[in-house]
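Colleague: Please find one structure pasted underneath; my questions will follow.
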Amino acid sequence: QVQLVESGGGLVQPGGSLRLSCAASGISFSDNVMAWYRQAPGKQREWVAAITWAGDTNYAESVEGRFTISTDSATNTVYLQMDTLKPSDTAVYYCNTATPTPAPWGQGTQVTVSS
């Protein structure tokens, strides 16, 4: 059974850091590109970052140089290290496969950047 469970969000001041985790069960990292997405209040969900089985990464322009995506295949976990956070990064963050037919979405984890 496919299940995605995100964690690690919270309230942080501008310029701060957070590390998000996503426990992915029932998904093979070797068969999928894994990605992080986010949805801000009143906006559509947007793609943030992706990583292939080989470790190749790609980032949205808005987070390039500040966020780092990684995976741990031993625990089937996807991480998102977020540095130099801005108020515009405030959103609910989700992980999923980067395909036209993603897995069932998890509950996400709330990230709020505010002073």
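Colleague: I want to confirm something. Restricting to segment 94-115 and keeping residues that are within 15 Å of the chain's Cα centre (by Cα) and part of a strand (DSSP E or B), which single residue is farthest from Q13 (Cα to Cα)?
Modeller: Applying the filter and picking the extreme gives T97.
Colleague: Provide a single number: the residues in segment 59-93 that are assigned to a strand (DSSP E or B) and not β-branched (V, I, T). Reasoning before the result, please.
Modeller: Of the residues in segment 59-93, the ones assigned to a strand (DSSP E or B) are 59, 67-72, 77-82, 91-93.
Then keep just the ones that are not β-branched (V, I, T); that gives 59, 67, 70, 72, 79-82, 91, 93.
Result for segment 59-93: 10.
Colleague: Which one is most open to solvent (accessible area, probe 1.4 Å), of the residues in segment 82-115 that are touching an Asp or Glu at 6+ places or on another chain (Cβ under 8 Å) and farther than 18 Å from S62 by Cα?
Modeller: From segment 82-115, those touching an Asp or Glu at 6+ places or on another chain (Cβ under 8 Å) are 82, 93-95, 106-109, 111, 113; that's our starting set.
From what is left, the residues that are farther than 18 Å from S62 by Cα are 106-109.
Numbers: G106: 17, Q107: 110, G108: 11, T109: 15 Å².
Restricting to residues being touching an Asp or Glu at 6+ places or on another chain (Cβ under 8 Å) and farther than 18 Å from S62 by Cα, the top hit is Q107.
Colleague: Scan segment 16-56 residue by residue and report those that are within 12 Å of V92 (Cβ to Cβ), open to solvent by 40 Å² or more (accessible area, probe 1.4 Å) and not in a loop (DSSP other than H, G, I, E, B).
Modeller: Within segment 16-56, Q39, E46 qualify.
Colleague: Can you tell me which residues in segment 16-46 are closer than 17 Å to L85 by Cα and of a type in the set (A, V, I, L, M, F, W, C)?
Modeller: Answer for segment 16-46, where residues must be closer than 17 Å to L85 by Cα and of a type in the set (A, V, I, L, M, F, W, C): L18, L20, W36, A40.
Colleague: Looking at segment 63-81 only, could you name the residues that are hydrophobic (A, V, I, L, M, F, W, C) and open to solvent by less than 70 Å² (accessible area, probe 1.4 Å)? Quick ask: steps written out before the conclusion?
Modeller: Taking segment 63-81 and keeping what is hydrophobic (A, V, I, L, M, F, W, C), we get 63, 67, 69, 74, 78, 80.
V63, F67, I69, V78, L80 - these are the residues of segment 63-81 that are hydrophobic (A, V, I, L, M, F, W, C) and open to solvent by less than 70 Å² (accessible area, probe 1.4 Å).
Colleague: For segment 6-15, which positions are surrounded by 14 or more Cβ atoms within 10 Å (Cβ to Cβ) and more than 11 Å from the chain's Cα centre (by Cα)?
Modeller: The one that is surrounded by 14 or more Cβ atoms within 10 Å (Cβ to Cβ) and more than 11 Å from the chain's Cα centre (by Cα): V12.
Colleague: Let me ask you something else. Mind listing just one residue for me: the one in segment 35-60 that is among the basic types (K, R) and more than 11 Å from the chain's Cα centre (by Cα) and, of those, nearest to P102 (Cα to Cα)?
Modeller: Initial filter on segment 35-60 (among the basic types (K, R)): 38, 43, 45.
Filter again for more than 11 Å from the chain's Cα centre (by Cα), leaving 43, 45.
Numbers: K43: 19, R45: 13 Å.
In this case the residue turns out to be R45.
The values are calculated or read from the model by the stated rules, or taken from the named source; none is laboratory data. Quick caveat: nothing in here was measured; it's all calculated off a predicted structure. Using ideal geometry, Cβ is built from the backbone for each residue, glycine included, and neighbour counts are taken over all protein chains shown. Accessible surface areas use protein heavy atoms only, side chains included; no ligands, DNA or RNA. Shrake-Rupley method; radii C 1.70, N 1.55, O 1.52, S 1.80 Å.
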